[in-house]
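Here is the structure we will look at, set down as structure tokens.
Please treat every number below as a calculation from the coordinates, not as lab data. Worth saying up front: this structure is predicted, and the values here are computed from it rather than measured. Neighbour counts run over all protein chains shown; Cβ positions are idealised from the backbone, glycine included.
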Amino acid sequence: MKHILAIPGSLRAGSTNHNILKYLGALVSADVDYSIYSDLALIPPFDPGNDDDYPPEPVFELRELLKQVDGVIICTPEYAFGVPGQLKNMLDWMVSSASFSDKPVALITASLGGEAAHAAMLLILGALNAQVADGAKLNISFIRSKMDGEGNVTDVATIELLKNVLNAFLSVIQQ
């Protein structure tokens, strides 16, 4: 069984990014364990002085979780032309642990614009030595116009793009 960890860049449980990750989770087959990480808010501010063999418990737990998964899907909004602070903070904690090193990653940015955050995330993931799979990168601009009031993706073209990203990602982790 393959294990996928989905990480939303937004802390709000009902965010468009959470809903996109839920949608992707509904598409994976029963032989894939798919879970959405819900403890992003518990990660304390990054402090290099505390980044040792005994980091804060939420950081340790996430690092252990990342060791167990076959791949990671990140879906994030863009805040003020950048990566949401809590997501960036979490990624900073992962640098020294090599938790993302050679880990297959799919990156989806879903926001009003998203270009700046998407570009920044690709740089950050490169610094982490994460392996962003070919075809597993997507920036969805004007995301709210592509979803209904219940948080469902309704735009046919966006649905196809999301399926393509998921399939490209799954093909990498199932090798």
With label points set 7 Å from each Cα along the Cα-to-Cβ direction at E64 and L42, the distance between them in nm comes to 1.1
Order of Y54, Y79 - criterion: other Cβ atoms within 10 Å of each residue's Cβ, fewest first = Y54, Y79
Quick one: how many lysine pairs does the chain have with C-alpha atoms less than 19 Å apart and a gap of 8 or more or different chains? Give me the count, please.
-> 14
Before rounding to the nearest 500, sum -39500 (n - 2.57) across all DSSP H runs of length at least 4 in the chain and divide by the residue total; then give [θ] at 222 nm in deg cm²/dmol.
-> -12000 deg cm²/dmol
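Which value, in debye to the nearest 20, describes the size of the charge dipole of the chain about its Cα centre when Lys and Arg Cβ atoms bear +1, Asp and Glu Cβ atoms bear -1, and nothing else is charged?
Working: 11 positive and 20 negative charges, 101 e Å.
Charge dipole, the chain, about its Cα centre: 480 debye, nearest 20.
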Evaluated at q = 0.08, 0.10, 0.18, 0.20 Å⁻¹: base-10 log I(q)/I(0), Debye formula over Cα of the range 2-173 | -0.22, -0.34, -1.16, -1.44
Of V132, V156, V69, the most mobile residue in a GNM of the chain (C-alpha springs, cutoff 10 Å) is V156
Which of D134, D39, D53 fluctuates most in a GNM of the chain (C-alpha springs under 10 Å)? That residue is D53
Take each uninterrupted DSSP H stretch in the chain, measure its Cα extent along the helix axis, and return the ones at 20 Å or beyond whose mean Kyte-Doolittle hydropathy is at least -1.0.
-> 156-173
Could I have the simple spin-label model distance between D52 and A127, label points 7 Å from Cα toward Cβ, reported in nm to one decimal?
-> 2.4
